[in-house]
Amino acid sequence: MDFTISTYRRLVSSFKENGYSFVTFSEFLTNPKSQNGKLMMMRHDVDEQAQNALKMAKVEHELGIKATYFFRIVKHSNKPEIIKKIAAMGHEIGYHYEDLSTANGDYDKAIKSFEEHLDYFRTYYPVKTVCMHGSSTSKYDNRTLWNRYKLEDFGLLGEPYLSLDFSKVFYMTDTGYAWDGGKYATRDIVENHFGLTFHTSDQIIQCVKDGKFPQQAMILAHTLWTDSIIDWSYLHFREFVRNHIKSLATKNKVVAAIYKKLVAIYWGKK
């Protein structure tokens, strides 16, 4: 079984055992020395399943490493007690924003919403980094908010898709419950300059042991990792179905409209 908490522990441990230092996203941006040698940025977009984020944070804490957790404002992600516990372990907390899509492209409304939500998350942690949510059913790319506004005007250091040079930092994501599931991603896409692809976590672990893994990387591990066989089976089936519906929606307007409505209902949006 892949994408379990047990597998996640093995994955993270493999990097640590093979000489990788772990830094948060903000540490990477503020400390030039942190950008030397073997380093890993573990990033978690807490789209949902916040309880799993806490389990992953505990694993990292037990291993003596820090990661970056981006929380959304939606109820599936925004769990105050969990945010507090993860921050108390020394992990970085950031805002996983989607304000332009929820504002339906209204930039004035979006930036006001963004600032309000940023201030909210700063009641739990001195947030210095943010990361866009893909909002796959929206025609608006949340990153374009920064075509009109500046991150630094909000006391922010960076946004992964705008602040990192992915020709130097290898990027991996578990989108679609597979390390090569990028074909199902709408906006969580960067150009692969390293010629490496993986399907399973064990393939990554072996690559690290063989000394062939890139020196610097950001790994996005969503919070669908679980040791519960019931949850694991449900999530695998759900992601399998969802990936194929997303693919079909790009070719069929009726399917796209139905999918958009179902997604809105799931997230509790109007």
Exercise. What list of ³J(HN,Hα) values in whole Hz, one per residue of the stretch 132-141 in order, does the Karplus curve 6.51 cos²θ - 1.76 cosθ + 1.60 (θ = phi - 60°) give from phi, with Gly and Pro shown as x?
Worked result: 5, 8, x, 6, 4, 8, 9, 7, 9, 8
Problem set entry | Residue-by-residue Karplus 3J(HN,Hα) for the stretch 83-100, coefficients 6.51, -1.76, 1.60, Hz, glycine and proline x | 4, 4, 5, 5, 5, 5, 7, x, 6, 7, 10, x, 9, 8, 8, 8, 5, 5
For this session: Report, by chain and number, residues whose modeled amide H sits under 5 Å from the one on PHE70, excluding near sequence neighbours (fewer than 5 apart, same chain).
Result: HIS44, ASP45, VAL46, GLY94
Exercise. Using bins 5 angstrom wide from zero, how does P(r) for the chain break down, in % of all Cα pairs?
Worked result: 1, 5, 12, 17, 20, 19, 14, 8, 3, 1, 0
Exercise. Where a ≥ b ≥ c are the square roots of the eigenvalues of the C-alpha gyration tensor, would you call the stretch 1-63 rounded, which needs a/c under 1.5, or, failing that, prolate if a/b is larger than b/c, or oblate?
Worked result: oblate
Problem set entry | Estimated distance in nm for a label pair at ALA257 and GLU62, the labels positioned 7 Å out from Cα along Cα-to-Cβ | 5.0 nm
Exercise. Using a 1.4 Å probe, what is the accessible area per residue for the chain, in Å²?
Worked result: 48 Å²
Exercise. ³J(HN,Hα) across the stretch 248-264 via Karplus (A = 6.51, B = -1.76, C = 1.60, θ = phi - 60°), whole Hz, x for Gly/Pro?
Worked result: 5, 5, 6, 10, 9, 5, 5, 4, 4, 5, 5, 4, 4, 5, 5, 5, 4
Exercise. Which aspartates and glutamates have a Cα less than 18 Å from the Cα of LYS16, not counting those fewer than 8 places away in the same chain?
Worked result: GLU27, GLU60, GLU62, ASP202, ASP210
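Dipole size in debye (nearest 20) for the chain around its Cα centre, Lys and Arg Cβ +1, Asp and Glu Cβ -1? Don't skip to the answer; put the middle values down first.
On the way: 36 positive and 31 negative charges, 95 e Å.
Rounded to the nearest 20 debye, it is 460 debye.
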Seminar exercise, completed: Which residues qualify? For GLY158, with a placed amide H closer than 5 Å and at least 5 residues away or on another chain, they are VAL130
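Round to a whole number: what % of the accessible area of the chain belongs to carbon and sulfur, probe 1.4 Å? Kindly include the intermediate steps, with their values, before the conclusion.
Working: 6820 of 12920 Å².
Roughly 53 percent, rounded to a whole number.
The values are calculated or read from the model by the stated rules, or taken from the named source; none is laboratory data. Values in this document were obtained by computation on a predicted structure and should not be read as measured data. When we count neighbours, we look across all protein chains shown, and the Cβ atoms used for this are built from the backbone with ideal geometry, even at glycine. Protein only, heavy atoms only, side chains kept; ligands, DNA and RNA dropped before computing areas. Shrake-Rupley method; radii C 1.70, N 1.55, O 1.52, S 1.80 Å.
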